[in-house]
Structure formats: C-alpha cells, structure tokens
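The values are calculated or read from the model by the stated rules, or taken from the named source; none is laboratory data. What you see is a predicted model; the values in this text were computed from it and never measured. Please note: Cβ atoms are built from the backbone with ideal geometry, for glycine as well, and neighbour counts cover all protein chains shown. Side chains are part of the model used for accessible areas, which takes the heavy atoms of the whole protein and leaves out ligands, DNA and RNA. Shrake-Rupley method; radii C 1.70, N 1.55, O 1.52, S 1.80 Å.
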Amino acid sequence: MERFFKKIILYAKLPEMRLFWFFLPFLIVLLAINILYLPQSWALVSSGVFLILGVIILINNLRLARLNLEIKIERNELMSIISNLRDGVIAYDPNFKILIFNQAAEQIFNLQNKDIVGQYFNPERAQEKRFKLISQIIFPSLAPTVVRRSEPGAYPQVVDISFDEPEIELRVATDRIIDPKGQLLGFVKLVHDRTREIELLRSKTEFIAVASHQLRTPLTGIHWVFESLAKQNLEASQKELVDKGLEASVKLSKIVNDLLDVSKIEEGRFGFQFENVNIIAFLEELIKDVGPSAQQFNIKFYFKKPTEQSIVLSVDAQKLSMAVSNLIDNAIKYNVPNGEITLGVERVKDQPYVQISIKDTGIGIPADQINKLFTKFFRAENVSSAHPDGTGLGLYIAKNIIKRHGGEIWAESEINRGSTFYFTLPTDPKLIPPREILYGEE
Ligand code: ADP
C-alpha cells in the first residue's frame with residue numbers, strides 16, 4: 001500500500017499531470033457553485049458528472065505519466081548501455097544528421113559528442129580534416145581500403161576499413177533503424193577498433209615467419225643429404241631408411257613452405273602480380289602436371305570445357321596455380337581408388353564472374369565441419385587416420401588467393417559420396433581488390 005502511494009506521488013509530480021492540477025481548482029469552484037446555487041437534485045446530478053469527468057482525466061493523465069516515465073527509464077538505460085559500450089556507436093537519420101555518438105566513438109574519431117551530434121554529413125565533409133575519418137565511415141566508398149564481409153544489399157552490412165594515416169583498422173557493422181510499420185528512421189553503425197588485434201596477429205605472424213625461414217636452410221641441407229644418399233648403391237634395408245628420410249624431408253619442406261606462405265599472407269606481403277591469362281589454357285596446363293599423380297591412384301580425370309576457346313582474366317598465374325593445384329591434389333588425396341574428378345569452367349549467368357568447380361567421388365566432408373573448411377589448420381575428423389600428414393593450411397591459403405583475386409570459394413559435400421569445391425573469378429578487373437588484405441578465420 002505504501003509503495004502504491006509512493007508511486008502515485010511520483011506520478012503526480014510528473015509534468016504530464018500539470019493539466020490535471022491546472023483544472024482541479026476550476027473543477028472544485030464549479031462543484032461548489034453547483035452545490036450552493038442549483039436545486040438539490042440538479043446539484044447531485046451535475047456534481048456526479050463533474051466527479052466522473054475529474055476521475056477520467058486523472059486516470060488518463062496518470063496512465064500517460066506512467067507510460068512516459070517507463071519510456072524515459074528505458075531510454076536512459078539504453079543510452080547508458082550505448083555510452084558504455086566498448087565499440088563506437090554512431091546513429092544518424094536518413095538525412096545523415098548525427099543522433100548518437102557514444103564515448104568509444106569519441107575516442108576512435110578523436111571528436112567530442114557535442115561537436116558532432118546534430119551535424120549533417122555529406123561526402124564533401126571529408127575535406128574537413130577533423131571530420132575526414134568519420135565521413136569515410138559514414139560513406140565507406142571514400143575510405144582508402146574497404147573489404148566487404150557481408151552480401152551486398154544485406155543488413156547488417158559488415159565492412160573492414162583500413163586507414164594509413166593514422167594507421168587504424170576498423171570493422172564497421174551498419175544496420176537500418178526501422179519503425180514497426182517498416183518506415184526507415186535512420187542508420188546505426190557499430191565501429192569496432194581492430195588495430196590492436198591486428199598488431200598482435202602481426203607479431204604472432206612475424207614469429208612464424210622468422211621460425212619457418214630459419215628452418216628452411218637446415219631443411220634444404222637435410223633434403224640434399226638424403227637425395228645424394230638415395231643415388232648411391234645401397235643395400236635394400238639402407239635404401240628403405242633413406243627413402244623414408246627423403247619422404248619425411250619433402251613433407252617437412254612442404255609444411256615449412258606452407259607456414260611461410262601463411263605468414264606472408266597474414267602480413268599482407270604475398271606479393272600478387274596480375275597479368276592477362278586465358279583461364280582455359282591455364283587449367284589445361286595444370287591438369288598435365290597433376291595427371292601422373294591421378295594415374296597413380298587410378299583416378300579418372302575429366303575436364304568440362306565451355307564452348308568458347310578462351311576466357312581471358314586478370315590473375316596472378318603462379319598464385320592461382322597454387323590454389324587450384326591444392327584443390328586438385330585434395331580431390332586426388334581424399335578420393336577413393338578408381339574414383340573420378342571433374343574439373344568444370346563456366347561463366348556465371350548475368351554476372352561478371354567465371355565459376356570453376358572441382359568435383360570428386362571421394363570420402364566427403366562431415367556436414368557439421370564444412371563451415372570450418374577454410375580456417376587455418378583445419379582437418380576433418382574423417383581424414384586424420386587415413387592421411388595423417390596434411391597441414392590443414394592448403395585451403396586457407398587457397399581462400400586467401402581467391403579472395404585476393406576478387407572471387408569467392410566454397411564447397412558442397414556428401415559424406416562417402418564426394419565433394420565439389422567451387423570458386424569464382426571476376427571477368428572485370430575492377431572487381432579485384434586494390435590491395436592485399438587478410439581473409440582470416442571467419
Ligand atoms: P590438408 O589437405 O593438408 O589437410 P587442406 O587445407 O588442403 O589441408 O584441407 C583441409 C581439410 O579439408 C583436409 O584435411 C580434409 O579434411 C578436408 N578436405 C579438403 N579437400 C577435401 C576433399 N576434396 N574431400 C574431402 N575432404 C577434403
């Protein structure tokens with residue numbers, strides 16, 4: 001009961017109750033006049049009407065006051081959550097007028113909330129030095145390097161934006177603010193500062209780069225020793241040992257080279273050199289190289305060529321051959337004896353892309369692991385016993401190579417039936433990203 005009264009007193013003090021308090025004296029005066037001057041029966045009726053009216057106004061005002069108070073509390077809670085978020089939050093209306101700019105955003109953009117809230121933005125404002133960074137976030141097309149992480153047109157839009165001066169790496173998620181009727185009220189951007197994360201990753205990568213670089217020279221020595229020994233006239237038991245050593249040194253060199261490639265990719269210095277290449281002739285050459293190893297496992301190889309003789313694309317032939325060879329090697333390695341591989345090339349309908357597919361009849365990939373396929377060091381559960389010596393780096397490298405070309409890579413698979421790996425390459429060189437970016441674990 002006490003709480004109820006406290007609540008009533010709280011509501012009674014709210015501004016929404018002012019109208020009621022303003023009319024209350026008039027109501028009382030009218031009531032008094034009624035009682036004093038009207039005949040008793042009329043006075044009774046009109047006082048009743050006045051009382052009912054008064055109660056209706058009171059209840060309505062109390063309801064309004066309660067609702068407004070709840071909205072205010074919710075709004076304050078939301079604002080305090082937003083202002084304490086570790087990621088920057090920027091909200092603006094459809095005319096690009098800034099509505100919200102929290103503390104984290106103040107730090108990232110080196111701007112004060114009071115200087116920015118209420119300001120209208122357009123691409124020209126990027127000319128003003130202090131608004132350059134925020135303009136590039138609101139209009140990412142102005143930013144020096146942008147990598148899209150979500151499908152075009154889909155919300156939330158996620159992009160990674162890198163700046164050189166100052167050196168900042170940001171991940172920006174943009175979503176629309178829509179009312180229940182579907183009307184667009186504005187946009188909200190969540191800005192995550194990844195500069196430190198990227199720095200840490202760089203130092204980890206540097207360690208791997210130095211370690212694998214140091215390992216390469218002694219490994220070449222070991223490999224050379226085994227190779228020379230293998231050429232000697234050896235007894236059968238000695239030859240067996242030397243062959244095993246040679247095989248191990250080849251595998252070790254592959255691991256070290258893969259690690260070195262990964263560290264170069266992660267440092268953004270894999271060094272791509274684009275040239276115009278007829279992709280059909282390029283794939284035909286590659287098949288010649290893998291032919292013998294497919295034959296070794298009695299695997300039939302088919303190449304489904306398009307009708308056109310030549311499709312010229314801008315690619316780094318050496319890097320692309322690394323990616324495609326890895327996909328074909330996997331299709332051989334994870335196939336069944338007497339299996340088949342089909343390589344296909346086709347233009348994507350109504351889109352400026354060519355799609356290449358590598359289909360095998362092999363062991364397949366467990367459905368619950370297919371989403372991890374292109375992550376670093378991933379090896380599926382069904383391969384570890386039969387093929388213990390993979391690194392799990394080939395597909396990660398392949399993904400980075402394809403993405404650097406402006407393409408996408410993905411796979412479909414059915415366990416014990418086979419897998420198909422697909423990748424696309426743009427036919428329009430404008431769709432090739434302007435510089436090397438790490439396409440990490442996501
Ligand atoms: P590696 O082959 O050295 O293990 P990759 O990165 O090339 O490394 O492949 C990662 C994993 O993906 C493999 O270990 C395997 O589990 C799975 N995989 C790749 N290609 C195929 C394929 N064609 N069929 C079945 N599994 C595959």
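The table that follows gives values for the structure above.
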{"item": "Per-q log10 I(q)/I(0), region 84-186, q = 0.17 Å⁻¹ (Debye; single scatterer per alpha-carbon; no solvent)", "result": "-0.82"}
{"item": "Cα convex hull of region 166-226 - mean projected area over all directions, nm²", "result": "8.1 nm²"}
{"item": "Of every Cα-Cα pair in region 242-283, the percent that sits beyond 17 Å", "result": "58 percent"}
{"item": "Accessible area (Å², per residue) of the chain, counting only protein heavy atoms and a probe of 1.4 Å", "result": "61 Å²"}
{"item": "Neighbour cut-off at most 15 other Cβ (10 Å), DSSP loop, GluC sites (Glu not before Pro), region 112-211", "result": "128, 167"}
{"item": "Kirkwood Rh and Cα Rg combined as Rg over Rh, evaluated for region 331-371", "result": "1.11"}
{"item": "Overall form of region 95-251 per C-alpha gyration tensor (a/c, 1.5; a/b vs b/c)", "result": "prolate"}
{"item": "Considering only the chain, percent of DSSP beta bridges that pair antiparallel, nearest 5", "result": "90 percent"}
{"item": "Computed lengthening from residue 414 to residue 5, 0.36 nm per intervening residue step minus Cα-Cα distance", "result": "140.5 nm"}
{"item": "In Å, descending, principal axis extents of the Cα set of region 330-442", "result": "44, 28, 21"}
{"item": "Column: log10 I(q)/I(0), Debye, Cα scatterers of region 186-298, q = 0.12 Å⁻¹", "result": "-0.77"}
{"item": "Too-long pairs where the Cα-Cα distance tops 18 Å, listed order kept, from 319/349; 264/319; 333/359; 251/333", "result": "319/349"}
{"item": "Highest-MSF residue in the chain out of 195, 174, 220 [GNM, Cα springs under 10 Å]", "result": "220"}
{"item": "As computed over region 266-324, the Cα convex hull volume per residue (Å³)", "result": "101 Å³"}
{"item": "Taking the chain and dividing mean pair separation by its residue count, relative contact order in percent (alpha carbons under 8 Å, at least six apart)", "result": "9 percent"}
{"item": "Residue with peak Gaussian network fluctuation, the chain [Cα springs, cutoff 10 Å], from 182, 118, 364", "result": "182"}
{"item": "GluC sites (Glu not before Pro) restricted to DSSP loop in region 307-381 with at most 16 other C-beta within 10 Å", "result": "308, 381"}
{"item": "Per-selection metrics, the chain (Cα): Rg and Dmax in Å", "result": "34.8, 136"}
{"item": "Along the chain, longest interval not containing exposed trypsin sites (Lys or Arg not before Pro), exposed being DSSP loop plus at most 12 other Cβ atoms within 10 Å", "result": "87-180"}
{"item": "In nm, spacing of pseudo-spin labels at residue 178 and residue 208 (7 Å Cα→C-beta vector)", "result": "4.0 nm"}
{"item": "Rounded percent of accessible protein surface that carbon and sulfur make up, region 170-242, 1.4 Å probe", "result": "60 percent"}
{"item": "Straight-distance crosslink candidates among lysines, where the alpha carbon sits under 25 Å from residue 6 and sequence neighbours closer than 8 are dropped", "result": "72"}
{"item": "Segment residue 93-residue 22, length gained on full extension (0.36 nm per residue, minus Cα span)", "result": "21.8 nm"}
{"item": "Two-decimal Rg/Rh across region 1-155, once Rg and the Kirkwood Rh are taken from alpha-carbon atoms", "result": "1.31"}
{"item": "Cα convex hull volume per residue for region 275-393 (Å³)", "result": "128 Å³"}
{"item": "For the chain, built as a Gaussian network whose Cα springs stay under 10 Å, the top-fluctuating residue of 237, 385, 413", "result": "237"}
{"item": "Cα-Cα P(r), region 63-119, percent of pairs per 10 Å interval", "result": "23, 42, 26, 8, 0"}
{"item": "Accessible area of region 336-442 belonging to carbon and sulfur atoms, whole % at 1.4 Å probe", "result": "51 percent"}
{"item": "Residues listed by number, region 167-193, amide nitrogen under 18 Å from residue 86 label point at 7 Å toward C-beta", "result": "169-173, 190-193"}
